[in-house]
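Enquirer: Take this structure, written in structure tokens, and hold onto it; I'll ask about it next.
The values are calculated or read from the model by the stated rules, or taken from the named source; none is laboratory data. On a predicted model such as this, the values are computed, not experimentally measured, just so you know. Positions of Cβ are backbone-derived with ideal geometry, glycine not excepted, and every protein chain shown enters the neighbour counts. Remember, those area values only see protein heavy atoms, side chains included, never the ligands or the DNA or RNA. Shrake-Rupley method; radii C 1.70, N 1.55, O 1.52, S 1.80 Å.
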Amino acid sequence: TYIRTLENVTIRYQNKKYKSIIDNINLGLMEVDNNDVVLATNKAFCNMSGYDSEELIGKKAKDILLKNEGVKIMNAKNIIRKNGVDDIYEIEIITKNGEVKYLLISGAPNYNINGEVIGTLGIHLDITEIKILNSKNEKLISDLTESNFELSNYAQIVSHDLKTPLHSIALCLDWIKEDEENKLSADSSEFITIITNSLIDMNQLISSTLQYSELRSSKKEDNNSETQLVVESIIANIDMNKIKSVSINIQKPLPNIKLNNTKTKQVFQNLIENAYKYRDVNKKSFVTINWESQNEFILFSIEDNGIGIAEKHFEYIFQVFKKLNNRTDSSGIGLSIVKNIVETAGGKIWFESKLNVGSTFYFTLPK
């Protein structure tokens with residue numbers, strides 16, 4: 001008798017301890033029978049729903065907390081629960097004060113001593129704030145996507161509208177030079193040359209800005225680009241009269257990369273053309289394109305023996321519109337585009353350079 005009494009005291013103590021734990025955890029707990037009638041709840045669930053336990057126990061949870069689609073979901077869950085299936089799912093409830101909340105529920109069958117399913121035990125996590133944040137994020141992404149599309153269209157229109165007067169000015173200057181060639185003073189001829197170069201610079205700047213805008217708003221899906229063919233096309237399209245002064249070598253066939261052809265072309269074209277633009281005219285110039293496999297990435301390198309970059313300019317190389325000289329064929333935006341593409345794809349880009357020796361640009365892309 002003493003032992004039995006001690007066992008009963010121990011059981012009551014254990015029950016009290018576990019009930020205290022259940023009542024004070026932040027996860028809502030509800031026990032229902034096979035007919036969805038509430039048998040027990042804890043404080044956390046009452047806080048989530050706004051109902052006292054007395055208002056829930058003895059009633060069907062779905063009649064109090066659920067509407068329409070939620071009732072259908074719960075009916076389906078009750079069926080699989082009777083077959084011994086447990087799962088995790090989301091559901092929308094209506095609280096006592098009419099507020100909509102979203103709960104993540106881990107539901108499992110509740111068995112009696114004979115192993116028969118007598119109901120369901122559900123553990124509830126309030127994910128309302130997460131759902132609201134996700135909804136806001138989705139709307140923000142949708143709004144940004146629409147804004148980027150509108151910006152791209154606007155940039156194309158502005159680009160056309162800006163280039164038209166530039167073309168007219170350049171045409172007029174050509175007519176003036178042609179008609180007044182023998183009457184222009186040396187200063188006037190120099191001024192016309194400065195204006196012409198400025199027009200070329202402005203035209204290049206407009207084109208590069210449009211290219212940057214299109215890159216940021218591009219929706220084209222990345223896929224396996226045939227890098228070798230893209231790079232060969234870039235080399236072939238460089239002015240053949242100029243290419244004679246530079247040797248461009250692809251050390252071994254280039255691997256396909258996970259970028260669309262447009263982005264692949266922008267990366268390699270900017271780097272190869274830069275190597276050509278900034279060649280040392282006093283040397284036999286070369287550009288060497290190479291790559292190697294590194295775990296999850298492919299490492300590319302584009303090396304030249306050009307004029308190189310002074311160390312004091314290193315920090316400006318990838319900044320938008322930063323130009324280290326007054327070349328009219330450079331807008332100062334090309335390397336920014338390359339950096340944007342590489343880093344967005346999950347890679348990195350860096351360079352090594354020595355003044356009057358040459359430069360090597362390295363970049364990685366995921367396999």
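Enquirer: When the stretch 84-122 is examined, which residues are found to be over 15 Å from V38 (Cβ atoms), open to solvent by 70 Å² or more (accessible area, probe 1.4 Å) and either touching a Gly at 6+ places or on another chain (Cβ under 8 Å) or modelled with pLDDT under 90 (or both)?
Expert: D86, I88, E92, N97, E99, I113, N114
Each row is one residue, and each column tells you yes or no for (1) closer than 15 Å to L29 by Cα; (2) in contact (Cβ under 8 Å) with a residue 40 or more places away in the chain; (3) of a type outside the set (A, V, I, L, M, F, W, C); (4) touching a Leu at 6+ places or on another chain (Cβ under 8 Å).
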| position | (1), (2), (3), (4) |
| --- | --- |
| N47 | yes, no, yes, no |
| D52 | yes, no, yes, no |
| L56 | yes, no, no, no |
| L65 | yes, no, no, no |
| K72 | no, no, yes, no |
| I88 | yes, no, no, yes |
| V100 | no, no, no, no |
| A108 | yes, no, no, yes |
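Enquirer: Still on this structure, please answer the following. Hey, could you check the stretch 72-83 for residues that are exposed (fewer than 15 other Cβ atoms within 10 Å of the Cβ) and of a type in the set (V, I, T) and say which is nearest to the chain's Cα centre (by Cα)?
Expert: Of everything passing the filter in the stretch 72-83, I80 is nearest to the chain's Cα centre (by Cα).
Enquirer: What single numbered condition from (1) out of contact with any helix residue (DSSP H, G or I) (no Cβ under 7 Å at 6 or more places or on another chain); (2) surrounded by 13 or more Cβ atoms within 10 Å (Cβ to Cβ); (3) of a type outside the set (F, W, Y) fails to hold for E292?
Expert: Among (1) out of contact with any helix residue (DSSP H, G or I) (no Cβ under 7 Å at 6 or more places or on another chain); (2) surrounded by 13 or more Cβ atoms within 10 Å (Cβ to Cβ); (3) of a type outside the set (F, W, Y), the lone unmet condition for E292 is (2).
Enquirer: Among the charged types (D, E, K, R) and either under 40 Å from the mean Cα position of the chain (by Cα) or at pLDDT below 90 (or both) - does that describe any residue in the stretch 43-56?
Expert: If we filter the stretch 43-56 for residues that are among the charged types (D, E, K, R), which is where we start, we get 43, 52, 54-55.
Among the residues that remain, those that are also either under 40 Å from the mean Cα position of the chain (by Cα) or at pLDDT below 90 (or both) are: 43.
Yes: the stretch 43-56 contains one or more residues that are among the charged types (D, E, K, R) and either under 40 Å from the mean Cα position of the chain (by Cα) or at pLDDT below 90 (or both).
Enquirer: Anything in the stretch 43-67 that is farther than 18 Å from I127 by Cα, part of a loop (DSSP other than H, G, I, E, B) and open to solvent by less than 60 Å² (accessible area, probe 1.4 Å)? List them, or say none.
Expert: Y51, G58
Enquirer: Another question, if that's okay. Does G347 count as modelled with pLDDT of 90 or more and either in a loop (DSSP other than H, G, I, E, B) or of a type in the set (K, R) (or both)? Full working, then the answer.
Expert: Numbers: modelled with pLDDT of 90 or more: yes; either in a loop (DSSP other than H, G, I, E, B) or of a type in the set (K, R) (or both): yes.
Answer is yes for this residue.
Enquirer: Here's something else I'd like to know. On the given criteria, is S285 of a type in the set (S, T, Y), farther than 23 Å from A345 by Cα and modelled with pLDDT of 85 or more? If you could, list the steps in order and put the result at the bottom.
Expert: Values: of a type in the set (S, T, Y): yes; farther than 23 Å from A345 by Cα: yes; modelled with pLDDT of 85 or more: yes.
Judged against the criteria, S285 is a match.
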